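The values are calculated or read from the model by the stated rules, or taken from the named source; none is laboratory data. Given the structure is predicted, the values throughout are model-derived calculations rather than measurements. Because the Cβ atoms are built from the backbone with ideal geometry, glycine has one as well, and the counts that use them run over all protein chains shown. These accessible areas exclude ligands, DNA and RNA; they are computed on the full protein's heavy atoms, side chains included. Shrake-Rupley method; radii C 1.70, N 1.55, O 1.52, S 1.80 Å.
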Amino acid sequence: MYEKIFTISAVLFQIVILSIHLFISGKTLRRYRKTITPVFLSFTFVLWLFTDLYWLTFDLMRPETRMPFAANEIGEAAFFLTLAATIGTGVSYDVRIAKKQAVGAVLFAACNTALWIGWSGEMLQDVFIGLVYGLLLYTVVCSLRTEQLVTAIEWVLLALLCTALIATEAATFFVASNLKIMFDTAGYLLLVLGIVFWIVKLYLVWKNEPLANSHICTVCSLLTWAITAKYMSEGNWYLFFMSIETLCIPLLYLSVRKAVENI
Amino acid sequence: MIYAENILLCMIIPLVLTMFFLRGNANRFVLNFILGMVACLLGAYVSGFIDAASGIGTEDTAVFISPVVEEMMKFLPLLFYFVMFAPEDDKLTHAALGMGAGFASYENICSMVSSGTESLSFVLVRGLAVGVMHIVSVFTLIMGLIIVRRFKVLRLESVIGALSLSMLFHGMYNLLVSETGISSIIGFSLPMVTAAILYYFYRQLRS
């Protein structure tokens, strides 16, 4: 009962934050017409808002029911696409210098999709979302590599983190139920480790890097990791990762605003 | 069971005849009104097929799948017109409104033929809620396309974004009215409220 109230409150809070930022990003859009990044940011916010509203309506009207393929899935896919476009228009990334990272991102997205299918059994929805999620991850890593925000050692550590995460989550399908709790906890710890990494990175980039493009990249990296973590979790962990996601909304707006002010 | 194709023919013939005597915006509106009705029938075919093929049930198909299919059916002819003829904003708006009005009118007629027209409240709900909802959803789509073009961001992401918005709005309406009580009251008033908000934004966009 309390978990339900907390989940609905968290979504409502996200809806309020999104509405406020949609309103102010609309004003930014009218003020800075030289660049297209705020247009995609506004599209991202409005799609995110509508997807949340749809999900909230469904959850209130049909609790304890899994949502079939609906407009929500298409809205979520469009949200990922416009978020990728926000990064793509803010940072002109070069795919040629990020081949290894791009392959890694696609593999990570494919493994995530396989895990989603394993958990939900919904092949069509998960493959559909997985494809768009892969594109978002690909855009994020290419822009990170182009902006040289992650060192070689950090890339290796990130690859190890992602591999360990996939291995831990995959293991929960095969191990005995007493060991499953242990693997689940390990998975959550790895997800939190990723969140800590991106928050520290974001802090350092905002402190040291004068270019707003770098800020867009790191905020989107944190947001993408938070989305990944949210999809892999349930209960209180889901709420925790959703709150990180909500935190990214003002940060995303501020980074885009800084980028357009510099033009 | 109703013979939807017969109803469509009966409605289309006088409209096609009218088109010979009309020019400009009026002609465009009537053509799109007809296209809207055809889109509605095709949407019903596709939804019926998905219902039969997926086995998720008629009610769930109507609530969750139909908004996706119906918005796609309205979107495809408008996208063709938008991309191939690059019409001015006003012409695009007329086309979209014609499409939405045709879709809503044909759906309402089919619904009334199958359910009867004895109850005035039922007829009013169909007219003020479902009828307005189709116009609002297609108007949302077209406003998205106009914004996309005005800010020179005509890309796949933005077009899919505009389409998704109309699908989400339509889906939310269908979900709200799928059960009786407070949710259906919110659902039935949603199109009129959104129409008022959209009207304000449309005025802003034009100025």
With label points built 7 Å along Cα→Cβ from the Cα atoms of B:Arg149 and B:Ile13, find their separation and express it in nm. 3.6 nm
So, in Å, what gap is there between the alpha-carbon centers of segment B:128-191 and segment A:168-192? 41 Å
For segment A:228-263, which GluC sites (Glu not before Pro) are in a loop by DSSP, counting at most 13 other Cβ atoms within 10 Å? A:Glu234
What accessible area, in Å² to the nearest ten, does a 1.4 Å probe give for A:Leu202? 10 Å²
Excluding the sites themselves, what is the longest stretch of chain B that contains no GluC sites (Glu not before Pro) in a DSSP loop with at most 14 other C-beta atoms within 10 Å? B:1-87
Check every DSSP H run in chain A and write down those whose alpha carbon atoms cover 20 angstrom or more along the long axis and whose mean Kyte-Doolittle hydropathy is 1.0 or greater. A:37-61, A:123-146, A:152-171, A:177-208
Which FRET efficiency value, to the nearest 0.05, do you get for B:Val46 and A:Asn178 by plugging their Cβ-Cβ distance into 1/(1 + (r/R0)^6) with R0 = 35 Å? 0.10
Which of the residues in segment A:84-110 show a loss of at least 10 Å² in accessible area from their chain by itself to the complete set of protein chains, at a probe of 1.4 Å? A:Ala85, A:Thr89
What are the chymotrypsin sites (Phe, Trp or Tyr not before Pro) within segment A:83-185 that DSSP puts in a loop, where the Cβ has at most 12 other Cβ atoms within 10 Å? A:Phe173, A:Phe174
Can you tell me which aspartates and glutamates have their Cα less than 17 Å from the Cα of A:Lys4? Leave out same-chain residues fewer than eight positions away. A:Asp52, A:Asp59, A:Glu64, A:Glu234
With each label point set 7 Å from Cα along the Cα-Cβ vector, what nm distance links B:Arg206 and B:Leu156? 3.5 nm
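Which of the DSSP-defined H helices in chain B satisfy a minimum axial length of 24 Å, computed from C-alpha atoms, and a minimum mean Kyte-Doolittle hydropathy of 0.0?
Passing helices, by number: B:24-54, B:66-85, B:89-115, B:132-150, B:156-177, B:182-206.
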Can you give the accessible area of A:Lys27 in Å² (nearest 10), computed on protein heavy atoms with a 1.4 Å probe? 120 Å²
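For B:Phe139, A:Phe6, B:Phe49, give me the order by solvent-accessible area with a 1.4 Å probe, most accessible first, ignoring ligands, DNA and RNA. Please report the intermediate quantities before stating the final value.
Numbers: B:Phe139 20, A:Phe6 120, B:Phe49 140 Å².
From most exposed to least exposed: B:Phe49, A:Phe6, B:Phe139.
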Quantify, in whole percent, the carbon and sulfur part of the accessible surface of segment B:146-207 (1.4 Å probe; protein heavy atoms only). 69 percent
Give me the accessible area of B:Ile185, 1.4 Å probe, in Å² rounded to the nearest 10. 110 Å²
What lysines does A:Lys207 reach when the alpha-carbon gap must be under 22 Å and sequence neighbours fewer than 8 apart in one chain are set aside? A:Lys258
Estimate for me the total accessible surface buried between chains A and B (protein heavy atoms, probe 1.4 Å, no ligands or nucleic acids), in Å² to the nearest 100. 2700 Å²
